[in-house]
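First up is the structure itself, then whatever we jot down about it.
Nothing in this text is a laboratory measurement; each read-out follows from the coordinates by a stated rule. Just so we're clear, the structure is a prediction, and the values are computed from it rather than from any experiment. Because the Cβ atoms are built from the backbone with ideal geometry, glycine has one as well, and the counts that use them run over all protein chains shown.
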Amino acid sequence: MSARAGWVVPRRWLVALGVAAVVFLSWADLLLLFSPARSAVAALDRDAVWVEPGVAGVDADGVRRAFGERPLTMVVVAAGSPLAADESESCAAVTDAIDGIVNVLVVDGRFEHGCESDDLPLTTDRFGWDFANWTAYDNTTQFLRHDHRAMAEQLAAMYDNDLARGKLLREVRAFHSPAYRHLLPVALVGAVVVGVHGGAGLLERGLARLDDRRRERAAWRERRADLGAELALVAARMVHLPPTPELGDLSRDYLRALSDWETARPGTSLSEVEARVRGLRERVR
């Protein structure tokens, strides 16, 4: 393909592949848009407790004070909430979306399920820690129905106990803007589109320059081959010339031209060799 015809990088396919990669990497955040836990995750990105609208009697400020800077969260919902239909899945929807937290789901004032993010810095067996701790937490909170602050204090005490025993590494909760989950994929898609078009343009120009260079090299080799053929023709005619002083001079000039032709490097100018060959050709006519 010549540079004049133009190298064309398939931008649409590259953009499609890039967007597909972004969707794949952001799949969890995109699925969250259609999850019943969407509002809870959006709130817990910037807070330690989320209370489902319509649920009354929750001391949310008391829960926040009990948790402090610990990576602990609480989701409080009513018995008929979509999040109460599958407590395990609803709890995991939060910890799957937020890194490094311990989360409790409270349904109708009672602890129903606890879970933790996969990257919670545990130093012990995860399965054993999960089963033992949540069983113990269930036992210690069974008489604390509707006392969300006391439940939060129990969770904080459990967390501090595991820190003291070395089962957990200390982490300070980091909060995020609730919009970052959806802005990040959008920003990545924009970066993919800009990057593909900019990169494709640079690649096309680079390929065109490479193609020009290849054509120039091919033309140079063809020109050198023509000069070699002309030198061979001059040599053939010199064989039939009578031995004269002029023939000696002609032979020296021929050898000089032949040496220049043989040592010419690809891409260098052949003008001097061409001038020598042209002069030799005139002299043997």
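Describe numerically, in nm with one decimal, the distance between label points set 7 Å from Cα along Cα→Cβ at GLU89 and at THR124.
Here the modelled spin labels are 3.1 nm apart.
Using only Cα atoms, locate the centre of the stretch 126-165 and the centre of the stretch 30-102, then give the distance between them in Å, rounded to an integer.
Comparing the Cα centres of the stretch 126-165 and the stretch 30-102, I get a distance of 16 Å.
Once phi is turned into ³J(HN,Hα) by the Karplus curve 6.51 cos²θ - 1.76 cosθ + 1.60 with θ = phi - 60°, what whole-Hz value does each residue of the stretch 47-56 show in order, with x for glycine and proline?
Going residue by residue, I get 8, 9, 9, 10, 10, 4, x, x, 8, 9 Hz, with x marking Gly and Pro.
What list of ³J(HN,Hα) values in whole Hz, one per residue of the stretch 58-67 in order, does the Karplus curve 6.51 cos²θ - 1.76 cosθ + 1.60 (θ = phi - 60°) give from phi, with Gly and Pro shown as x?
With the stated coefficients, the stretch 58-67 comes to 9, 7, 4, 5, x, 5, 4, 5, 5, 6 Hz.
Counting other Cβ atoms within 10 Å, keep those with at most 16, restrict to DSSP loop, and tell me which trypsin sites (Lys or Arg not before Pro) in the stretch 98-148 are left.
Passing sites in the stretch 98-148 are ARG145.
Short version: ³J(HN,Hα) in whole Hz for each residue of the stretch 273-283, in order, from phi by Karplus 6.51 cos²θ - 1.76 cosθ + 1.60 (θ = phi - 60°), x for Gly and Pro, what are they?
Result, rounded to whole Hz: 5, 5, 5, 5, 5, 5, x, 5, 5, 5, 7.
At 0.36 nm per residue, and after removing the present C-alpha to C-alpha distance, how many nm does the segment from LEU233 to HIS146 gain when stretched out fully?
Numbers: separation 87, 0.36 × 87 = 31.32 nm, distance 10.76 nm.
Stretched out fully, the LEU233 to HIS146 stretch lengthens by 20.6 nm.
Among VAL94, PHE143, TYR159, whose Cα sits farthest toward the positive end of the charge dipole of the stretch 86-183 (+1 at Cβ of Lys/Arg, -1 at Cβ of Asp/Glu, about the Cα centre)?
TYR159
Given R₀ = 25 Å, FRET efficiency for ASP249-LEU270 by Cβ-Cβ distance, to 0.05?
Numbers: r = 23 Å, r/R0 = 0.93.
Given R0 = 25 Å and the Cβ-Cβ separation, E is 0.60.
For an R0 of 22 angstrom, estimate the FRET efficiency from the Cβ-Cβ distance between LEU163 and ASP99 and round to the nearest 0.05.
0.75
As an exercise, find the ratio Rg/Rh for the stretch 93-165 from alpha-carbon atoms, using the Kirkwood inverse-distance average for Rh.
With Rh from the inverse mean 1/r over Cα pairs, Rg/Rh is 0.95.
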